[in-house]
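Notes for the one structure printed next.
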Amino acid sequence: MKKLILISALLFSFNGWADGIAKTFYDGVVGPLSITKDGIATLSVPLESREMSLRIIYPDRGGPYPIIVFSHGTFSSSEKYNLVVEFWAERGYVVILPNHLDANYGIVPRKTEDMIRIIDTRISDMSLILDNLDVIEQQNPGLEGKLNQDMIIAAGHSIGTQVVLVNTGQRVRNPTNNYVTESSEDRFMAAVMLSDPGKMAMMPDNAWKGATAPTFLSTGPEDYGLMGDGRRVAEYQNEILTLPKNSTADKYLLLIEDGDHYFGGLIHREVDKVPDYDGLAIFNATSLAFMDAYTRDAKSAWAFLKPNILSSATDGRFLLTVE
């Protein structure tokens with residue numbers, strides 16, 4: 001496996017090492033800033049008589065900042081993505097992480113209807129957060145003046161990528177019962193996905209291209225979805241419904257040689273693999289460039305997103321394409 005060779009790598013802990021590699025490629029136009037990592041909030045979910053807990057990570061000073069709403073993977077939680085979301089916050093973003101209905105195995109699907117409920121509630125959770133940004137600020141006084149409600153990004157990992165797609169215009173039909181998963185949400189200006197929903201069971205290939213907003217996807221050949229052990233055989237495949245004519249938007253694809261679903265266990269859950277520090281650091285840098293380009297129109301970000309920059313700098317292990 002090809003590796004990045006940085007002399008300074010031996011001198012850093014992971015966080016420092018990741019910062020070093022990001023600076024080598026792209027480290028943003030804001031920060032690094034000191035951040036609050038332990039913001040919390042609770043929202044009532046009216047239709048389900050449940051409380052949804054949120055974690056909020058945000059810069060200590062300045063603002064307003066673009067907002068990222070992050071949907072975690074199946075049975076995961078808001079605590080399992082620190083190496084990504086804290087990096088974003090340090091570069092000038094407010095990150096809101098809901099704990100969905102299935103967080104920490106709060107509910108385990110036993111039948112198709114259970115999975116439909118989980119996905120539907122996740123989708124509505126994202127809109128509920130946008131409806132209650134003022135409430136979230138009231139519960140976190142440190143957020144005063146920090147929320148740019150005109151610039152909101154949907155982000156997610158694993159099943160969270162399906163949530164992101166639907167919340168940015170994708171419509172999916174289950175052919176076994178004709179159930180259509182959709183959302184009328186139009187407040188997300190961009191989408192960031194840490195895995196490919198098209199490699200999950202029952203999802204068609206290239207599903208990620210269906211978002212109507214600018215979209216960034218990171219994936220690799222070992223990125224397989226729910227259990228990370230290969231794409232499971234499904235008796236049917238979901239159908240992507242025809243999109244509106246005005247749905248065309250830039251689609252950025254970061255391909256990571258040997259990339260898997262968990263960056264070797266650095267996010268979501270521990271796995272019996274070698275941690276992919278290079279992969280996560282490059283994901284952080286490249287996703288940041290994508291977001292800085294669309295929220296801040298940063299020239300350095302646009303320059304970094306040009307074809308062949310990453311491939312040339314990393315001996316071909318990382319390839320960024322735009323479609």
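Read the figures in this text as sums done on the coordinates, not as results from a lab. Given the structure is predicted, the values throughout are model-derived calculations rather than measurements. Virtual Cβ from ideal backbone geometry, glycine too; neighbours counted across all protein chains shown.
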*Any idea what the relative contact order of the chain is, in percent, if you count C-alpha pairs under 8 Å spaced at least 6 apart?*
17
*Å³ per residue of the Cα convex hull, for the chain?*
128
*Compute the Kirkwood hydrodynamic radius of segment 131-254, taking the inverse of the mean of 1/r over all pairs of distinct Cα atoms, and give it in Å to one decimal.*
15.6
*Compare the Cα positions of Pro59, Phe216, Leu194 along the charge dipole of the chain (+1 at Cβ of Lys, Arg; -1 at Cβ of Asp, Glu; about the Cα centre) and return the one farthest towards the positive end.*
Phe216
*asked:* Can you tally the net charge around Met126? Count Lys and Arg as +1, Asp and Glu as -1, for every other residue whose Cβ sits under 14 Å from the Cβ of Met126.
replied: -4
_Loop-located trypsin sites (Lys or Arg not before Pro) in segment 244-308 whose Cβ has at most 11 other Cβ within 10 Å (DSSP)_ = none
*Alpha-carbon Rg with Dmax, taken over segment 172-322, Å*: 16.4, 48
*Taking the Cα-to-Cβ direction at Asp258 and at Glu51 and moving 7 Å from each Cα, how far apart do the two end points lie in nm?*
4.6
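Do any of Lys80/Lys209; Lys199/Lys251; Lys80/Lys299; Lys80/Lys146; Lys37/Lys146 go past 22 Å between their Cα atoms, and which?
On the way: Lys80/Lys209 26 Å; Lys199/Lys251 17 Å; Lys80/Lys299 32 Å; Lys80/Lys146 24 Å; Lys37/Lys146 15 Å.
Distance filter (> 22 Å) returns Lys80/Lys209; Lys80/Lys299; Lys80/Lys146.
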_Of all DSSP beta bridges in the chain, antiparallel share, percent nearest 5_ = 50
*At 0.36 nm per residue, minus the direct Cα-Cα distance, what do Ile107 and Asp60 gain on full extension? Give it in nm, one decimal, please.*
13.4 nm
